[in-house]
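Data first, discussion second: the structure below is written as structure tokens.
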Amino acid sequence: MLKSRVILAMDKPLSYQVLKEMENELYGIKVGLPLVLDLGVDKTRELLIGLDVEEIIVDFKLADIGYIMKSIVERLSFANSFIAHSFIGVKGSLDELKRYLDANSKNLYLVAVMSHEGWSTLFADYIKNVIREISPKGIVVGGTKLDHITQYRRDFEKMTIVSPGMGSQGGSYGDAVCAGADYEIIGRSIYNAGNPLTALRTINKIIEDKVMKC
Ligand code: XMP
């Protein structure tokens, strides 16, 4: 049984003590650019390095040539996984990043469908081709777009699907998992709560209850 379906989106610092209290009730932590800009790389590493979570995912939504993306990820070696955009294409970009991450036993997630209203699906076929060619560990599909989650689950049976957009952006906890996602990414609803641990526990329970029925 999974300990949790929640990945905490840390876009704002939480104390080490609070994180330590939450570690057994989280699947992973997603590190956002605002957090690293606030704390700097060294303090971010110090905050995260002793935590017992399955995955630390850096989400800078990389979208550059291979050389630059490799230079970014090599400075963030405390993470297991990195999120990059898929629209940047394969040759000279994602192929180089994927080779580098494979060689260093790190994982890649590619953005497939974003959670916000203005995301265009005009490039969906192209994005799917890039995902097929690169074969990342996982993909990011917005939790506000449940039909897309189901469709991507059908098209990429074995890939991990992580879904942001739950809570603050309007997605209902548990719906993304019921639609086919493996984990739900949740930020503000946890880190802005008066008691983040209580908020996490409540969300875990809602997801668990919903998953039993779907
Ligand atoms: P909140 O506070 O809204 O945080 O729970 C959501 C987190 O997820 C990120 N985010 C996305 N990342 N594709 C992504 O790769 C998306 O469609 C998407 N929507 C939100 C956001 O950066 C924040 O860390």
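Scanning the stretch 18-46 for residues that are part of a helix (DSSP H, G or I), out of contact with any strand residue (DSSP E or B) (no Cβ under 7 Å at 6 or more places or on another chain) and more than 30 Å from Ser172 (Cβ to Cβ) gives Leu37, Leu39, Val41, Asp42, Lys43, Arg45, Glu46.
The set of residues in the stretch 62-77 that are buried (at least 17 other Cβ atoms within 10 Å of the Cβ) and either out of contact with any Phe, Trp or Tyr (no Cβ under 7 Å at 6 or more places or on another chain) or among the aromatic types (Phe, Trp, Tyr) (or both) comprises Gly66, Met69, Leu76.
Have a look at Lys91, Lys43, Lys98, Lys70 and point out the one that is basic (Lys, Arg) and within 23 Å of Tyr191 (Cβ to Cβ). Lys43 is the lone residue from the list that is basic (Lys, Arg) and within 23 Å of Tyr191 (Cβ to Cβ). Filtering the stretch 101-146 to residues that are within 22 Å of Ile68 (Cβ to Cβ) and among the basic types (Lys, Arg) leaves Lys106, Lys137.
This table checks each residue for (1) within 23 Å of Val31 (Cβ to Cβ); (2) not hydrophobic (A, V, I, L, M, F, W, C).
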| residue | (1), (2) |
| --- | --- |
| Lys158 | no, yes |
| Pro164 | yes, yes |
| Tyr173 | yes, yes |
| Ala181 | yes, no |
| Ile186 | yes, no |
| Ile190 | yes, no |
| Ala193 | yes, no |
| Ile203 | yes, no |
| Met212 | no, no |
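Name the residues in the stretch 128-153 that are in contact with a Gly (Cβ under 8 Å, 6 or more places away or on another chain) and more than 15 Å from the ligand (Cβ to nearest atom), would you? If the condition is that a residue be in contact with a Gly (Cβ under 8 Å, 6 or more places away or on another chain) and more than 15 Å from the ligand (Cβ to nearest atom), then Thr150, Arg153 are the ones that fit. Among the candidates Ala193, Ala181, Ala176, the residue that is crowded, with 23+ Cβ neighbours inside 10 Å and outside any helix (DSSP H, G or I) is uniquely Ala181. List, please: which pairs have Cβ atoms under 9 Å, are six or more places apart or on different chains, and start with a residue in the stretch 186-213 that is farther than 22 Å from Val141 by Cβ and end with one that is at pLDDT below 95 and not hydrophobic (A, V, I, L, M, F, W, C)? What qualifies is Asn192/Ser168.
The values are calculated or read from the model by the stated rules, or taken from the named source; none is laboratory data. Since the structure is predicted, the reported quantities are computational estimates derived from the model, not experimental observations. Cβ atoms come from the backbone with ideal geometry, glycine included; neighbour counts cover every protein chain shown.
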